[in-house]
1. Can you tell me which of 168, 195 is at pLDDT below 90, closer than 30 Å to residue 299 by Cα and surrounded by fewer than 16 Cβ atoms within 10 Å (Cβ to Cβ)?
2. Take the conditions modelled with pLDDT of 90 or more and surrounded by fewer than 18 Cβ atoms within 10 Å (Cβ to Cβ) and apply them to residue 158. Does it pass?
3. From the set of residues in the stretch 206-220 that are touching a strand residue (DSSP E or B) at 6+ places or on another chain (Cβ under 8 Å) and either in contact (Cβ under 8 Å) with a residue 40 or more places away in the chain or exposed (fewer than 10 other Cβ atoms within 10 Å of the Cβ) (or both), which is nearest to residue 287 (Cα to Cα)?
4. Give 296, 334 a once-over and let me know the one that is without any contact (Cβ under 8 Å) to a residue 24 or more places away in the chain and either closer than 16 Å to residue 127 by Cα or assigned to a helix (DSSP H, G or I) (or both).
5. Mind listing whichever residues of the stretch 171-194 are closer than 22 Å to residue 304 by Cα and in a loop (DSSP other than H, G, I, E, B)?
6. Find the strands (runs of 3 or more DSSP E) located wholly in the stretch 106-150 whose residues include 1 or more that are out of contact with any helix residue (DSSP H, G or I) (no Cβ under 9 Å at 6 or more places or on another chain), and list them.
7. Just need a number here: residues in the stretch 175-191 that are farther than 15 Å from residue 151 by Cβ and crowded, with 23+ Cβ neighbours inside 10 Å.
8. In the stretch 276-297, which residues are in contact with a helix residue (DSSP H, G or I) (Cβ under 6 Å, 6 or more places away or on another chain) and under 30 Å from residue 253 (Cα atoms)?
């Protein structure tokens, strides 16, 4: 209905996400069963779909515990950390430990809910709501629920696919997409390129447009240092599931270098790692330097963020009272429909007033003129806006 009223342009979409509290308490948390044999674990998952998310292999469990021990040492003594006195008083409380992971724990109340936390917010079971808003009149064009342990960048390819499908059915084409840095990843930028959508997504913090003291030569695919020595491409190496290009210098070149201590320390050679998706990041970096990109950033702030605030504070999106991700998805869609209906009602009320403001002065009575030129048509019951 909003499309029929001319409220949706479709060309430019602003995307953002919000955590929605699940209908599950942290007291319902349980530790996953540890499976020693990975093959047996895979077979049991095939036979028993209800057990998915309730078991973890021993290797993953070990890695998570190592990470938690590192966090405990790294955060020791920092503000808002648990004191030694608190630890002594709650030594036997294993129900709700400080460090929890979705790899090792799950909710017995809602198996689809995931542990998630934001700075300054309590740790709780959440769902991740993804929303797209049309910048023409702030109409929500996409609403979907994801697991809260997913990153925004992991959700973006699916958002683009479903958003295009929804709008293409109405003859609308998505040309631009605005999002924050959380949506930046190689896969996300690649999805934008493949769908012919111009994205305005700031690159994530670890991206380095330039490396101080080193120059990249695209023609030969190598770096050169300040001493005019080459750091050449050697191989593609896996880095936690992300393929990276590795560049290394020659130990013969680094050994007599006067800058060796400051550059590589005790290492024998200089190593530089770059993602395979660097061309996508570079293209986005150059695009965001333009004045138009700065205007798009302001537009994103004033478009999707107020909409999310309205959904959370006034339309029941602070939490869902259902269980399961499919039911949570229905709640988010219903909240989006309620928001769009309110926008449409206000849009209808403003149109006649705007048209009447353009009428020449001195016409009496203006209502007769409106009837003559067709702004209203008579109905057996009331006056209806065309």
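The values are calculated or read from the model by the stated rules, or taken from the named source; none is laboratory data. These numbers come from a predicted model, not from an experiment. Every residue, glycine as well, gets a Cβ built from its backbone with ideal geometry; the counts of neighbours run over all protein chains shown.
1. Criteria check complete, one pass: 168.
2. For residue 158, the condition - modelled with pLDDT of 90 or more and surrounded by fewer than 18 Cβ atoms within 10 Å (Cβ to Cβ) - is met.
3. Top of the filtered list is 211.
4. 334
5. Taking the stretch 171-194 and keeping what is closer than 22 Å to residue 304 by Cα, we get 172-185, 188-189, 191-192.
The answer is 172, 173, 174, 175, 179, 180, 184, 185.
6. Where strands (runs of 3 or more DSSP E) fall fully within the stretch 106-150 and carry at least 1 residues being out of contact with any helix residue (DSSP H, G or I) (no Cβ under 9 Å at 6 or more places or on another chain), they are 114-116, 124-134.
7. Taking the stretch 175-191 as the starting set, the residues that turn out to be farther than 15 Å from residue 151 by Cβ are 175-178, 190.
Okay, now just the ones that are also crowded, with 23+ Cβ neighbours inside 10 Å, so 177-178.
Residues that pass the stated criteria total 2.
8. 277
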